[in-house]
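First the structure, in the form of structure tokens, and then the observations on it.
Just so you know, all these numbers are worked out from the coordinates, no wet-lab data involved. Just so we're clear, the structure is a prediction, and the values are computed from it rather than from any experiment. Cβ: placed from backbone, ideal geometry, glycine included. Neighbour counts: every protein chain shown.
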Amino acid sequence: MDFLPEDIEAYANRFTAPEPPLLHELNRFTHTNVLQPRMLAGHLQGRVISMLSKMIKPDRVLEIGTYTGYSALCWAEGLSDGGRVDTIELDDELEPKIQAFFDRSAFKEMITLHIGNAMDVIDGLTESYDIVFMDADKVNYPNYLEKCFDKVKLGGYIIADNVLWSGKVTLPHEEMDPDTKALYAYAEQVQRDGRLEQVLLPVRDGLLIAKKISA
């Protein structure tokens, strides 16, 4: 996947607050030990997530797609007192790696890792969330929106990653692969839903932020 031009990304990173040391270590660990390391949020997007969390000060965050835990730790940085992050990962082989970094963080008591199929795990969650962050299998984004909508508090946010999909969402529809079609369909779904107010930020591979303005 291609994101920003290298010189622009380097410039943005230069003038963005540095990663906390544990996240820097997790970034390096992921790139040297885990397949598809570009799935990691990384420095710039991680600081965007952290800033959003500090602005919103959520009580509850639901993350769909943990990967190695980088973004979950970023969301935890802005939690309100007593706040929690529920994060869901399908790949059980990643569980010990994820948990090891969570356990070393200042947020180890604030993050609950759920291993399993997100569609099933979400059904078992009884919390109401200030933020739902989707960064898992793209073909299910429309389904995750439907599944999570009622669990999002009024005034809460549904944030989807990778919505630009390296620019492939701008291809003619007949040239899109299934993931690209699903992401395009998700953007249309959000746009059509009068209960949401949305903005698409071209940060890294695209963040579509939707605020729940009515039930």
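Restricting to region 6-212, compute how many DSSP beta bridges are antiparallel as a %, nearest 5.
35
Could you work out the longest stretch of the chain that avoids the GluC sites (Glu not before Pro) located in DSSP loops with at most 15 other Cβ atoms within 10 Å?
1-108
Cα atoms only: what Rg and Dmax, in Å, come out for the chain?
Answer for the chain, Rg first and Dmax second: 16.4, 49 Å.
Rounded to the nearest 0.05, what FRET efficiency do Leu22 and Asp179 have when you use their Cβ-Cβ distance and R0 = 41 Å?
0.85
Could you compute the FRET efficiency for Asp91 and Glu127, with r as their C-beta to C-beta distance and R0 at 25 Å, rounded to 0.05?
0.60
Any idea which of Ile213, Leu23, Asn140 is furthest toward the positive side of the dipole for the chain, if Lys and Arg beta-carbons carry +1 and Asp and Glu beta-carbons -1?
The residue sitting farthest along the positive end of the dipole is Ile213.
Using the Karplus curve 6.51 cos²θ - 1.76 cosθ + 1.60 with θ = phi - 60°, what ³J(HN,Hα) values do you get for each residue of region 158-163, in whole Hz, with x for Gly and Pro?
Rounded to whole hertz, the list is 10, 10, 10, 8, 6, 6.
Among Leu171, Gly194, Phe101, whose Cα sits farthest toward the positive end of the charge dipole of region 6-212 (+1 at Cβ of Lys/Arg, -1 at Cβ of Asp/Glu, about the Cα centre)?
Most positive-ward Cα: Gly194.
Can you sort Ile8, Ile131 so the residue with the fewest Cβ neighbours within 10 Å comes first?
Ascending number of Cβ neighbours within 10 Å: Ile8, Ile131.
What number, rounded to the nearest 500 deg cm²/dmol, is the helix-based mean residue ellipticity at 222 nm of the chain, given -39500 (n - 2.57) per DSSP H run of at least four residues and division by all its residues?
Value at 222 nm, helices only: -11500 deg cm²/dmol.
Any idea how far apart Asn13 and Ser214 come out in nm if each label point goes 7 Å out from Cα toward Cβ?
About 4.5 nm, to one decimal.
Once you've got the Cα coordinates, tell me which of Lys97/Lys151; Lys147/Lys211; Lys54/Lys108; Lys147/Lys181; Lys54/Lys211; Lys138/Lys212 are over 23 Å apart.
Table pairs above 23 Å Cα-Cα are Lys97/Lys151.
Remind me, relative contact order of the chain in percent, using alpha carbon pairs under 8 angstrom and six or more residues apart?
RCO, the chain: 17 percent.
Under 5 Å between amide hydrogens, which residues at least 5 positions from Gly116 or on another chain qualify, with H placed 1.01 Å from N in the peptide plane?
Placed amide hydrogens put Glu89, Leu90 under 5 Å from Gly116.
Would you mind telling me which residue in Ala12, Ala41, Ala136 has the biggest mean-square fluctuation in a Gaussian network model of the chain, where springs connect alpha carbons within a distance under 10 angstrom?
With Cα springs under 10 Å in the chain, the top fluctuation among Ala12, Ala41, Ala136 is at Ala12.
Let me spell out the model: positive unit charges on the Cβ of Lys and Arg, negative unit charges on the Cβ of Asp and Glu, origin at the Cα centre of region 6-212. What dipole size does that give, in debye rounded to 20?
Dipole of region 6-212, to the nearest 20 debye: 660 debye.
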